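Encoded as structure tokens, the structure appears first; notes follow it.
The values are calculated or read from the model by the stated rules, or taken from the named source; none is laboratory data. None of the values given here were measured: they were computed from a predicted structure. We place every Cβ from the backbone using ideal geometry, glycine too, and count neighbours over all the protein chains shown.
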């Protein structure tokens, strides 16, 4: 039987540079890696069934987009391989409507929010003018599930008609209607942060929600601007979500109030900044991979 330390599947073409870097860093330290593509799913499934091959850990960045990859997860689960971010677990914690209620009960600092049932289940829009005034106009209209990278999010909602149009467009989605949070300015930057949880480590970055440009947050900046809450909030989130990695968005307001904006994003975009202007800083991607390597080594 051939034994590999880490198997990886992916479908997004821009994941290839991230996967190449994982392989390079793992193999440099003597770990064996294996890539599962759409073209070899059947072959790999047969090798697993016939005990010709085994993976200690599996990074699945494919089955959420392509259900054909689910057979690999099922076989590896039966064989007690370590699944990084099992789809069943992430599906629940990335549902913003479900997770908002959980975080609200845990007293996280969240934007004021109205959660709407999906249009298929409840056609009428049960929001009053008073409700909208309480949120303040403009407000955010956000689908509960399909809003990766800001897709599907309306950032300047002003009316019930807009809300209803979005509900009709994605009629099987719950919606969050949220207060718009305005960040402070620190060091000429919007105090908006995308923080990564990577296998037990918190990695904060400045992330401009308008330009999507990242900058690493340094230890000096954490101390100088009193940003320690970024670590604490993310660690609390990780404990509740109980998955290996994710990113979250946190903003800091003018009265130094940290607000959790976007809760759990599991399939983080890991394009390298050296290759894409709006990519993740290379130092952060490298830290992420090093943390994953430690996890796989510990199995």
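Here's the yes/no breakdown for (1) buried (at least 18 other Cβ atoms within 10 Å of the Cβ); (2) at pLDDT 95 or above; (3) in the same structural domain as residue 51 (by TED's automatic domain parsing):
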residue	(1), (2), (3)
65	no, no, yes
116	yes, no, no
120	no, no, no
123	no, no, no
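Considering only residues of segment 74-86 that are in contact with a strand residue (DSSP E or B) (Cβ under 9 Å, 6 or more places away or on another chain) and not in a loop (DSSP other than H, G, I, E, B), which is surrounded by the fewest Cβ atoms within 10 Å (Cβ to Cβ)? Let's see the steps before the verdict.
First pass over segment 74-86, keeping only residues in contact with a strand residue (DSSP E or B) (Cβ under 9 Å, 6 or more places away or on another chain): 76-77, 79, 81-86.
From what is left, the residues that are not in a loop (DSSP other than H, G, I, E, B) are 76-77, 82-84.
Working: 76: 21, 77: 14, 82: 18, 83: 19, 84: 19.
By that ranking, first place goes to 77.
State all residues of segment 249-299 that are part of a loop (DSSP other than H, G, I, E, B), touching a residue at least 24 places away in the same chain (Cβ under 8 Å) and within 19 Å of residue 186 (Cβ to Cβ); if no residue qualifies, say none.
253, 254, 256, 257, 281
Which of (1) out of contact with any helix residue (DSSP H, G or I) (no Cβ under 8 Å at 6 or more places or on another chain); (2) assigned to a loop (DSSP other than H, G, I, E, B) does residue 31 not meet, given it meets every other one?
Result: residue 31 passes all but (1).
Do any helices (runs of 4 or more DSSP H) entirely within segment 87-135 hold 3 or more residues that are within 13 Å of residue 175 (Cβ to Cβ) and touching a residue at least 40 places away in the same chain (Cβ under 8 Å), and if so, which?
Of the helices (runs of 4 or more DSSP H) lying wholly inside segment 87-135, those with at least 3 residues that are within 13 Å of residue 175 (Cβ to Cβ) and touching a residue at least 40 places away in the same chain (Cβ under 8 Å) span 96-105.
Scan segment 125-138 residue by residue and report those that are out of contact with any strand residue (DSSP E or B) (no Cβ under 8 Å at 6 or more places or on another chain) and surrounded by 12 or more Cβ atoms within 10 Å (Cβ to Cβ).
Within segment 125-138, just 134 meets the criteria.
Tally time: how many residues in segment 48-74 are over 17 Å from residue 10 (Cα atoms) and touching a residue at least 12 places away in the same chain (Cβ under 8 Å)? Quick ask: steps written out before the conclusion?
Here is the first cut: in segment 48-74, the ones over 17 Å from residue 10 (Cα atoms) are 48-54, 56.
With the extra rule that they be touching a residue at least 12 places away in the same chain (Cβ under 8 Å), the set shrinks to 48-49, 51-54, 56.
Going through segment 48-74 one residue at a time, the tally reaches 7.
Looking at residue 237, is it in contact (Cβ under 8 Å) with a residue 40 or more places away in the chain, touching a strand residue (DSSP E or B) at 6+ places or on another chain (Cβ under 9 Å) and either part of a helix (DSSP H, G or I) or closer than 21 Å to residue 90 by Cβ (or both)?
Values: in contact (Cβ under 8 Å) with a residue 40 or more places away in the chain: yes; touching a strand residue (DSSP E or B) at 6+ places or on another chain (Cβ under 9 Å): yes; either part of a helix (DSSP H, G or I) or closer than 21 Å to residue 90 by Cβ (or both): yes.
Yes, satisfied.
Given the structure, is residue 213 out of contact with any helix residue (DSSP H, G or I) (no Cβ under 8 Å at 6 or more places or on another chain) and touching a residue at least 40 places away in the same chain (Cβ under 8 Å)?
yes
Tell me, which residue of segment 34-56 that is part of a helix (DSSP H, G or I) and in contact with a strand residue (DSSP E or B) (Cβ under 7 Å, 6 or more places away or on another chain) is surrounded by the fewest Cβ atoms within 10 Å (Cβ to Cβ)? Talk me through it step by step, then tell me what you get.
As a first pass, look at segment 34-56 and keep what is part of a helix (DSSP H, G or I): 38-49.
Add one more test, that the residue is in contact with a strand residue (DSSP E or B) (Cβ under 7 Å, 6 or more places away or on another chain), and what stays is 44, 47.
Values: 44: 23, 47: 16.
Looking at residues that are part of a helix (DSSP H, G or I) and in contact with a strand residue (DSSP E or B) (Cβ under 7 Å, 6 or more places away or on another chain), I get 47.
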